[in-house]
Amino acid sequence: MGVDMQVPVDGDRARARCRSHRRRILEVSQKVDALHVAPAFSCLELVDAVLNYCVDQPVGGADAFILSKGHGAMAHYVVLEDLGVLDPAHVNRISQSGSTVGGHPDRGIPGIIASTGSLGHGLPLALGIARGKREHSTPGTVFVVMSDGELMEGSVWEALLLGPSLGITNVTVIIDHNGSISRGDIMKVQPNLIPVAPKLQAFGWDTREIDGHDSAAIVEALRSGSGSAPLAIVARTTKGKGVSYMENQPIWAYRSPSPEEYKLALSELVDPEDSHA
Amino acid sequence: MRDAVARAITEAARTRDDVILVVADISPAAALKTFLDENPTRIVDVGVSEQAMIGMAAGLAMTGLRPFAYTIAPFALYRPLEQIRVDLAYQDLPVVVIGVGGGLSYSALGATHHTMEDVAIAGAIPNMTVIAPCDPLETQAAVTESFDLTGPAYLRLGKSGEPDLTADATEPFALGRIRQVRAGSGTALVGYGPILELGLRAADEASEHGVIPSVYSAHTVKPLDLERVDTILSTYERVVVLEEHVHRGGLGMQVQARANEIGSTATVVSLHLGDVFLHTYGSKDDLLEAHGLTLESVTDALLGTR
């Protein structure tokens, strides 16, 4: 765990920051086409919590972060932008002609250490980084945010089985458990995937289940590792969280809101003090 | 070649502190025992998990280590191909994927254990270097020089007991350069991998019939040394390419394409594996014969009687 692990979580501040992240993602969605808005909203508090409270530095420190669900890239980009790592000019032009920042994280983008987008790659990479730290005798935890749909990839189970077998404890995996994949409800496609937590526990991971939109709960769980096993957090989330008409509607995994829809979404993301004014 | 690669890695680890092996359930060659004695923590055995082998190797490389990911060739390359493409090649990380038992080495075990199209597949991926040494000496040199690479490589090896073919080679080994192994005139044989031994025997046969071919090892199949290919095409009237690999995407096709491109008048003959899965077993020679590759057929190709 990072050296800043004791930074307390101010729930109101975290909520305000995440509302602002959501507004920013929607703002970008009006400038460029086909952003994965809903998948980013689903993991927003998770990415925000890891990068604000759990890693020693957002980039280049002892700790590391991999967004294995690469289609949540916008969440990572806006948090990096907020932390001053990623230039807003890049974020404004995501995936546009000549842009070097695109729809999925690409190693080399400021703050991005792994090229993801194809599912099931983040966790094996994290195990390698963690194992490498052991050889270099350097401290640090590797945090990985995965989607629950990603758990259908065989490579993930290779890594879930392998991490504890290799005695790796400095990897923390966070499952963004929104219960849906592109075609809809996981319960309809792969009902045996659920419940997730007992499977991770059975594979040797120290497992927690939390509300994945409660920043304080996320950070508390992330700091609760025993140190004797790698930590797995099953974070219950809502795809499209924060905008009522997007929540759990598969279409918003791909669609950008129209100007009217954009306005409606913003009205739901107003800060409390502003709404009182 | 198994022993040679182990020796080379062991030797490298004596002067470098960044060498690490990632293996997938393969009993390390006896020669690796020394490496393990000297570097007890520098091996990760992932079990039967080839995707994790490549992913972890990529992560290890991200921390500055120089991983060698090692298992039987089809499982080293085909099973985790997407990890090789994304984790290693897209991210351009210096990991050497070692496929042991390449080509038809495991002749008794069936096509699940063969790699007949690995050079084409690995070579089609951007950033990949593809190296297929012909003997233990080249294997050792390839491992040593692989540390100069900044991106990933696929090292295609035979298995064990291959003879040294290049001890008296007319040119030294240099990664990325086609080397002349034997000097002749008029006709050239160009190949890579342990099948070059068959090529050299065929060259001996041809010599008895008055044709004394030069023999070249194109150990670095990608990036291909086109400058030397051009020289060969303009120096010899007849160029025979020999590979334990299918035609499509192999060296023969590339040399033929190059000959067309530069308008070479040389006759280029490509000897390769057929576009077929064999369901027969036996020695490697038996399987090569089933693909039409015999001492006689290679000799005939050199003599132009075929």
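Annotations
- With each label modelled as a point 7 angstrom along the Cα→C-beta vector, the B:ASP204-B:GLU11 pair spans 2.6 nm.
- Label-point separation, B:PHE277 to B:ALA30 (7 Å along Cα→Cβ), nm: 3.6
- Alpha-carbon centroid distance for the pair segment B:177-203 / segment A:107-123, whole angstrom: 43
- Calculated mean residue ellipticity, 222 nm, the protein assembly as shown: -10500 deg cm²/dmol, from DSSP H runs (n ≥ 4) at -39500 (n - 2.57) each, averaged per residue and rounded to 500.
- The distance separating the Cα centre of segment B:19-53 from that of segment A:172-247 comes to 34 Å.
- Charge dipole magnitude, Cβ of K and R +1, D and E -1 - chain B, Cα centre, debye nearest 20: 400
- The calculated FRET efficiency for the pair A:SER95 and A:GLU27, based on their C-beta separation and a Förster distance of 22 Å, comes to about 0.90.
- The HN-Hα couplings worked out from phi for segment B:69-74 by the Karplus form 6.51 cos²θ - 1.76 cosθ + 1.60 (θ = phi - 60°) are 9, 10, 6, 5, 3, x Hz, whole numbers, x standing for Gly and Pro.
- Of the residues A:ILE181, B:ILE125, B:ILE98, B:ILE131, the one with the fewest other Cβ atoms within 10 Å heads the list, and the complete ranking is B:ILE125, A:ILE181, B:ILE131, B:ILE98.
- Sequence-ordered 3J(HN,Hα) estimates for segment B:281-294 from the Karplus curve with 6.51, -1.76 and 1.60 and θ = phi - 60° stand at 10, x, 6, 4, 4, 4, 6, 4, 4, 4, 8, x, 9, 10 Hz, glycine and proline given as x.
- Cβ-derived FRET efficiency at R0 22 Å, B:GLU171 paired with B:THR267, nearest 0.05: 0.35
- Cα gyration tensor, segment B:179-303 - rounded (a/c under 1.5), prolate or oblate: oblate
- Annotation for B:GLU38 and B:ARG248: the two label points, set 7 Å from Cα along the Cα-Cβ direction, are 4.4 nm apart.
- Length available on full extension from A:TYR254 to A:ASP12: 0.36 nm per residue minus the Cα-Cα distance, which gives 84.1 nm.
- Normalising the Debye intensity of segment B:170-234 to I(0), with uniform scatterers on Cα atoms only, and taking log10 at q = 0.11, 0.14, 0.20, 0.26 Å⁻¹ returns -0.23, -0.38, -0.75, -1.16.
- Packing-based ranking, highest mean first, of B:5-17, B:181-193 given that Cβ atoms within 10 Å are counted: B:181-193, B:5-17
- Take each residue of peptide A:162-169, count the partner chain Cβ atoms within 10 Å of its Cβ, and average: the result is 3.
- Computed over chain B: relative contact order in percent, which uses C-alpha pairs under 8 Å that are six or more apart: 16
- Percentage relative contact order, segment B:179-303, counting C-alpha pairs under 8 Å, at least six apart: 30
- Relative contact order of segment B:2-156, pairs being alpha-carbon contacts under 8 Å that are 6 or more residues apart, as %: 24
- Anisotropy class of the protein assembly as shown from Cα gyration tensor, a/c 1.5 cut: prolate
- Cα long-axis angle, helix A:122-136 against chain A (0 to 90 degrees, to the nearest 10): 50
- The mean count of C-beta atoms from other chains within 10 Å of the C-beta of residues in B:83-89, rounded to a whole number, is 4.
- Hz values of 3J(HN,Hα) by residue in segment B:145-155 - Karplus curve (6.51, -1.76, 1.60), Gly and Pro given as x: 7, 5, 5, 7, 6, 9, x, x, 9, 10, 9
- Taking every Cα-Cα distance in segment B:2-156 and sorting them into 10 Å bins from zero, the calculated P(r) comes out as 12, 46, 37, 5, 0 percent.
- From least to most packed, judged by other beta carbons within 10 angstrom and beginning with the fewest, A:HIS90, B:HIS247, A:HIS136, B:HIS114 follow the order A:HIS136, A:HIS90, B:HIS247, B:HIS114.
- Rg and Dmax of chain B, both derived from C-alpha coordinates alone, stand at 18.7, 57 Å.
- Point-charge dipole on Cβ atoms (K/R +1, D/E -1) for the protein assembly as shown, about Cα centre, debye to 20: 740
- Here the peptides A:153-161, B:268-276 are ranked by packing, the mean other Cβ count within 10 Å, and the order with the highest first is A:153-161, B:268-276.
- Calculated FRET value between A:SER165 and B:THR144, using beta carbons and R₀ = 45 Å, to 0.05: 0.85
- Remark on chain A: hydrodynamic radius 18.7 angstrom, per the Kirkwood mean of 1/r across alpha carbon pairs.
Read-outs throughout are calculated quantities, based only on the coordinates presented, and are distinct from any laboratory measurement. The structure displayed is predicted, hence computed values, not measured ones. Methodologically, a virtual Cβ is constructed for each residue, glycine included, from the backbone with ideal geometry; neighbour enumeration extends over all protein chains shown.
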